[in-house]
Amino acid sequence: MRKDRKKKGRISPVLVVVLLIVLIAAAGVVSFLVQRYTPSRVQMDRNAYFQVTGDTEAALVLNGSICEEKGVMIQGELYASSTFVSQQLNSAFYWDQESQAILLTIPAGVMRIAPGDATYSTAQGQPAVQTGADGTVYIAMEYVQQYTDMDYAFYTEPNRAVMRTEWDGLSQVEVTADESVVRYRGGIKSDILTGVSGGDPLYYLESLENWVHVMTQDGYTGYIEKEDVSEAQEAPVHVQDASLIFTGIRRDYKINLAWHQTTSQEANAAFGSVTANMKGVNVISPTWFSVLDNTGTLSSLASADYVNQAHAAGLEVWGLIDNFNENFSTETALASYSVRTNIINQLIFAAQQTGLDGINVDFEQLTEASIPHYIQFLRELSAAAHGVNLVVSVDTAVPQSFTEYYNRGEQAKTVDYMIMMGYDEHYAGSEEAGSVASLPFVEAGIQTMLEDIPADKIICAIPFYTRLWTETFGQVGVTSEVLGMDGADQYVAQLGMTKTWDASVGQNVAMAETDTARYTIWMEDEQSIEEKMKLIANYGLAGVAEWKLGFERATVWDIIAKYIAQ
């Protein structure tokens, strides 16, 4: 009996093994679950994140992106290369090779800052501009901040500058948890970039299922758990420092400018006859000045008698300067401070001698390499002209993809008016016949200009001319000749052309065929002018300009004046 009871109380070895297996498996599951659902506490190496290799280097974080170029620390002060500053932050910091100095144009004038010049220094007493051992020119970021429309902050561990120059469409979220972390990737196993606290604002980039892509105020871009932040809302509106705004000179009425092509003193003498039928015009722009060579010598037809007649007729006079002479290279000449100064001094002298009210700059066919120098010329011209109360206006072609490098927005910052020449859609060298200025072409140009330039700075120029296009049968290509309004009507009658309104281009189109050729004219007349004036009024532009006096019919002036008076 005892042996039986002892046998019944034993635990089977198999059962023990099974229990051990279950326990081990459970421990494994628990360990797996713990590893899977326990957030990583690993801190990402901050120097590696910002790509900084030492204390003499600093990261440059611009608009949420870590720039390839690095800043340098000089005696505890952060500097960036003049190239980075001018190309990425503020092109008004212009390195002038000839004078070996930074030229900084501000509303008060042009500052010349040579490397090492203690006249311009930081709060710590460091020169604002210094030259590195390799010859690189550096500008103190503290100094750049003073004269640039940007948000800026400097942080250490590691050294970095966090900057913002773009604010359109920015949104932000607020940290709602007491404490949280921003991770390198979206997931609890990703390395930690930085910690954040309740109430901290974060720039919102995008929302994922459980994570939100954000940027911290101190330059980290990563992911935070969605439950730790608020809903996205519009970021506070950025307000530009008023001291950085070039207010310039602006009329409190709409501009109606007519160009008067003058190639001789005899043309000046024809002022009375050319303007006899003119109505509603308040500015006349004679084509008086041309740069002759790379020293900046000007030819001039400026006339005090002409200006006096214009003033007596209630007109301002904005003398036009062009770059059309083949002996003048805009790219080469405007890179020289002395040449720019020579041109400007001659213009200001002529303006004061004759009583001009403004300067109209008509530099065309600009190369990409010439643009920085051209923009600096406009800055320096504006500073000098505004000092003697002269308006500065700039003519520019209708913006298209192949002229994006013109940087019209930067041109507009210091000048008073930008005049979009709303024509030459099809020109003398065009391979096919077409309108000189169709309505969609002009409107697209206005819309593009408005992306970078306020409406009260934009004047839209319209053509008083058109082209008679001839397509000779059996030959490749087309030829054309310029016609004024009456000249176009004469050809319509002479060739027996059929004229039909084409709403898609906003013009009457006249056409005729003979045995040998097809003739087409996209008319500029009262109807087409009115359609363009409606655009100018609808977009609230600063006014209209017309090329050129002598091509118009007297009846168009009343149409133009009706819309400009609105």
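The values are calculated or read from the model by the stated rules, or taken from the named source; none is laboratory data. As the structure is a computational prediction, the values presented were derived from the model and not from experiment. All Cβ positions, glycine included, derive from the backbone under ideal geometry; neighbour counts span all protein chains shown.
Counting only residues that are part of a helix (DSSP H, G or I) and under 22 Å from Leu170 (Cα atoms), how many does the range 213-243 have?
4
Among Thr53, Thr148, which is the only one that is in contact (Cβ under 8 Å) with a residue 40 or more places away in the chain, assigned to a loop (DSSP other than H, G, I, E, B) and among the β-branched types (Val, Ile, Thr)?
Within the list Thr53, Thr148, the selection yields Thr148.
Residues checked against (1) touching a helix residue (DSSP H, G or I) at 6+ places or on another chain (Cβ under 8 Å); (2) more than 30 Å from Thr414 (Cα to Cα); (3) of a type in the set (Gly, Ala, Ser):
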| position | (1), (2), (3) |
| --- | --- |
| Gly199 | no, yes, yes |
| Leu202 | no, yes, no |
| Leu205 | no, yes, no |
| Asp218 | no, yes, no |
| Thr221 | no, yes, no |
| Ala232 | no, yes, yes |
| Gly248 | yes, no, yes |
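What number of residues within the range 56-90 satisfy the criterion of being in a loop (DSSP other than H, G, I, E, B) and of a type outside the set (Lys, Arg)? Steps first, please.
Step one: filter the range 56-90 for residues in a loop (DSSP other than H, G, I, E, B), giving 56, 63-64, 67-70, 75-76, 90.
With of a type outside the set (Lys, Arg) added as a condition, the list becomes 56, 63-64, 67-69, 75-76, 90.
Selection size over the range 56-90: 9.
Taking Ile139 as meeting all but one of (1) at pLDDT below 95; (2) in a strand (DSSP E or B), write down the number of the exception.
(1)
Conditions tested, residue by residue: (1) assigned by TED's automatic domain parsing to the domain that holds Ala258; (2) aliphatic (A, V, I, L, M).
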position	(1), (2)
Phe441	yes, no
Gln447	yes, no
Thr470	no, no
Met485	no, yes
Thr500	no, no
Ser504	no, no
Ala512	no, yes
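Tell me, yes or no, whether the range 492-515 has at least one residue that is buried (at least 20 other Cβ atoms within 10 Å of the Cβ), aromatic (Phe, Trp, Tyr) and either within 25 Å of Lys254 (Cα to Cα) or touching a residue at least 12 places away in the same chain (Cβ under 8 Å) (or both).
no
Could you check how many residues of the range 539-566 are part of a strand (DSSP E or B) and either over 28 Å from the mean Cα position of the chain (by Cα) or among the aliphatic types (A, V, I, L, M) (or both)?
The number of residues fulfilling the criteria is 2.
Out of all the residues in the range 59-94, which are under 26 Å from Val388 (Cα atoms) and in contact with a Pro (Cβ under 9 Å, 6 or more places away or on another chain)?
Answer for the range 59-94, where residues must be under 26 Å from Val388 (Cα atoms) and in contact with a Pro (Cβ under 9 Å, 6 or more places away or on another chain): Ser91, Tyr94.
Take the residues of the range 515-538 that are of a type outside the set (Ser, Thr, Tyr) and not in a helix (DSSP H, G or I): which is farthest from Ile446 (Cα to Cα)? Let's see the steps before the verdict.
Restricting attention to the range 515-538, the residues satisfying the condition of being of a type outside the set (Ser, Thr, Tyr) are 515, 517-518, 521-527, 529-538.
In the following step, the residues that additionally are not in a helix (DSSP H, G or I) were identified as 515, 517-518, 521-525.
On the way: Asp515: 41, Ala517: 36, Arg518: 33, Ile521: 24, Trp522: 21, Met523: 21, Glu524: 19, Asp525: 21 Å.
The selected residue is Asp515.
List the strands (runs of 3 or more DSSP E) inside the range 277-369, counting only whole elements, that have at least 2 residues being acidic (Asp, Glu) and assigned by TED's automatic domain parsing to the domain that holds Tyr423.
316-322
Given (1) in contact with a helix residue (DSSP H, G or I) (Cβ under 9 Å, 6 or more places away or on another chain); (2) part of a helix (DSSP H, G or I), where does Gln490 come up short, assuming only one miss?
For Gln490, the exception is condition (1).
Test Thr520 against the stated conditions and say whether it is farther than 30 Å from Thr414 by Cβ and touching a residue at least 12 places away in the same chain (Cβ under 8 Å).
Details: farther than 30 Å from Thr414 by Cβ: yes; touching a residue at least 12 places away in the same chain (Cβ under 8 Å): yes.
Against the criterion (farther than 30 Å from Thr414 by Cβ and touching a residue at least 12 places away in the same chain (Cβ under 8 Å)), Thr520 qualifies.
Just wondering, is there one or more residues in the range 528-537 that are among the hydrophobic types (A, V, I, L, M, F, W, C), surrounded by 17 or more Cβ atoms within 10 Å (Cβ to Cβ) and more than 25 Å from Ala455 (Cα to Cα)?
As a first pass, look at the range 528-537 and keep what is among the hydrophobic types (A, V, I, L, M, F, W, C): 529, 533, 535-537.
Filter once more, so that each one left must be surrounded by 17 or more Cβ atoms within 10 Å (Cβ to Cβ): 529, 533, 535-536.
With the extra rule that they be more than 25 Å from Ala455 (Cα to Cα), the set shrinks to none.
No, the range 528-537 has no match at all.
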